[in-house]
Amino acid sequence: MTRARIPITEFFSQESPIATEYRRLFQNLCKAGEKAELKSILITSAVTGEGKSTISSLLSITAARKGNRTLLIDCDIRRPAIHGLFQLERRYGLVDVLLDGEPSKDVIKKTAIDHLDVITAGKVTPHPSELFNTRTIDGMIQELKFYYDYLILDSPPVIPVSDPMLLAQAIDGVLMVVKAGETARQVAQRAVNIMTTNRANVLGVVLNNARNSLPYYYDYSNYHYNYSQTGDVNDNGGKTSGSSNSQQKNSNKFPRDGKHLTR
Ligand SMILES: Nc1ncnc2c1ncn2[C@@H]1O[C@H](COP(=O)(O)OP(=O)(O)OP(=O)(O)O)[C@@H](O)[C@H]1O
Ligand SMILES: [Mg+2]
């Protein structure tokens, strides 16, 4: 396992264009939360490597920077990444709660960001598929909701494993990540179908890696955003649409080869 060279908390500048996109994404989620409770959000995708862990982390940082008490939970116990991104210990985390009945409050770890806590994946288990029992997860989520404004759950992909499907039963909404230019439409559609037929509340799709795949008119430079000195942005002209079709554009701050933000 390689670890992130710098923690994601240092990498993610509030002034960067990508931070603006995350603020928009979060704002759309807040709007969706006005209609129905939206305190727990699962981030998943059809297949591996579409950007789930990155997006979960950056969305959590964004929520916390807005002053919300936020808990990021690494529910990808097969390929956990959150501990690496935040440079925390993997051990003593979710698996310890679900398998050994450790109190969930005891496994919470603080981060360098105010209001942002993390539950890492925890110890390695040989039988990850047996871990996600909806009742246990549901109990844990309900308890943690009491202490936090937002719970953001990073999860494995939908098509290879059933964990996201089981997790989705216990949470308020699901954001699907699609890697633009790589994930075939039918594959992404199949993942959404799997989730919706299992009564998951799919909120929308976050399009990752868009800069390298979409035509020029989607490029950030074609939007006339008004920056102020504080880095705040005029939020009226964005392309990110409502909660049913949120788009997160790629930032070239991310190394394409993942050199800086690998596990
Ligand atoms: N928009 C982006 N542009 C370029 N690289 C990205 C982008 N988003 C994520 N990455 C990089 O792609 C790699 C995979 O990202 P990440 O780990 O977030 O995906 P994942 O969906 O969680 O993967 P897995 O299914 O293995 O858990 C990482 O090295 C990450 O830094
Ligand atoms: Mg991941």
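The values are calculated or read from the model by the stated rules, or taken from the named source; none is laboratory data. Worth saying up front: this structure is predicted, and the values here are computed from it rather than measured. Heads up, the Cβs are rebuilt from the backbone with ideal geometry, glycines too, and the neighbour counts pull from every protein chain shown.
Against the conditions (1) touching an Asp or Glu at 6+ places or on another chain (Cβ under 9 Å); (2) buried (at least 21 other Cβ atoms within 10 Å of the Cβ), T62 satisfies every one except (1). Run down V174, V161, V178 and say which single residue is farther than 21 Å from L59 by Cβ, within 15 Å of ligand 1 (Cβ to nearest atom) and aliphatic (A, V, I, L, M). Testing whether each residue is farther than 21 Å from L59 by Cβ, within 15 Å of ligand 1 (Cβ to nearest atom) and aliphatic (A, V, I, L, M) leaves just V161.
Could you please find all residues in the stretch 72-105 being within 17 Å of the chain's Cα centre (by Cα) and under 15 Å from I137 (Cα atoms)? Scanning the stretch 72-105 gives L72, I73, D74, C75, D76, I77, L94. Against the condition touching a residue at least 40 places away in the same chain (Cβ under 8 Å) and on the phi > 0 side of the Ramachandran plot, how does G181 come out, does it pass? Criteria not met by G181. Residues that are of a type in the set (S, T, N, Q), within 16 Å of ligand 2 (Cβ to nearest atom) and under 23 Å from N208 (Cα atoms) number at least 3 in the following helices (runs of 4 or more DSSP H) confined to the stretch 26-105: 52-65.
Counting the residues of the stretch 142-169 that are modelled with pLDDT under 95, part of a loop (DSSP other than H, G, I, E, B) and closer than 18 Å to A121 by Cα gives 2. For P157, the conditions (1) closer than 22 Å to L29 by Cβ; (2) touching a residue at least 24 places away in the same chain (Cβ under 8 Å); (3) over 17 Å from the mean Cα position of the chain (by Cα) all hold with the exception of (3).
The set of residues in the stretch 83-138 that are surrounded by 15 or more Cβ atoms within 10 Å (Cβ to Cβ) and of a type in the set (V, I, T) comprises V95, V97, V107, I108, T111, I113, V118, I119, T120, T125, T136, I137. Which condition from (1) touching a Phe, Trp or Tyr at 6+ places or on another chain (Cβ under 7 Å); (2) buried (at least 24 other Cβ atoms within 10 Å of the Cβ); (3) assigned to a helix (DSSP H, G or I); (4) of a type outside the set (D, E, K, R) is the one that A19 breaks? Failed condition: (2).
What are the residues in the stretch 106-141 that are assigned to a helix (DSSP H, G or I) and more than 19 Å from the chain's Cα centre (by Cα), if any?
Of everything in the stretch 106-141, those that are assigned to a helix (DSSP H, G or I) and more than 19 Å from the chain's Cα centre (by Cα) turn out to be D106, V107, P128, S129, E130, T134, R135, T136, G139.
Hey, can you tell me all the residues within the stretch 66-120 that are among the hydroxyl-bearing types (S, T, Y) and either free of Cβ contacts under 8 Å to residues at least 40 places away in the same chain or in contact with a Leu (Cβ under 7 Å, 6 or more places away or on another chain) (or both)?
T70, Y92, S104, T120
Here E89 meets the list (1) out of contact with any His (no Cβ under 8 Å at 6 or more places or on another chain); (2) away from ligand 1 (no atom under 16 Å from the Cβ) almost entirely, failing just condition (1). Residue pairs whose Cβ atoms lie under 6 Å apart, separated by 6 or more positions or on different chains, with the first residue in the stretch 33-61 and farther than 15 Å from M176 by Cβ and the second within 14 Å of ligand 1 (Cβ to nearest atom), are S57/I8; S57/L85; L58/F12; L58/Y22; S60/L72; S60/I152; I61/F12.
Here G51 passes the criteria (1) within 8 Å of ligand 1 (Cβ to nearest atom); (2) surrounded by fewer than 17 Cβ atoms within 10 Å (Cβ to Cβ) except the one numbered (2).
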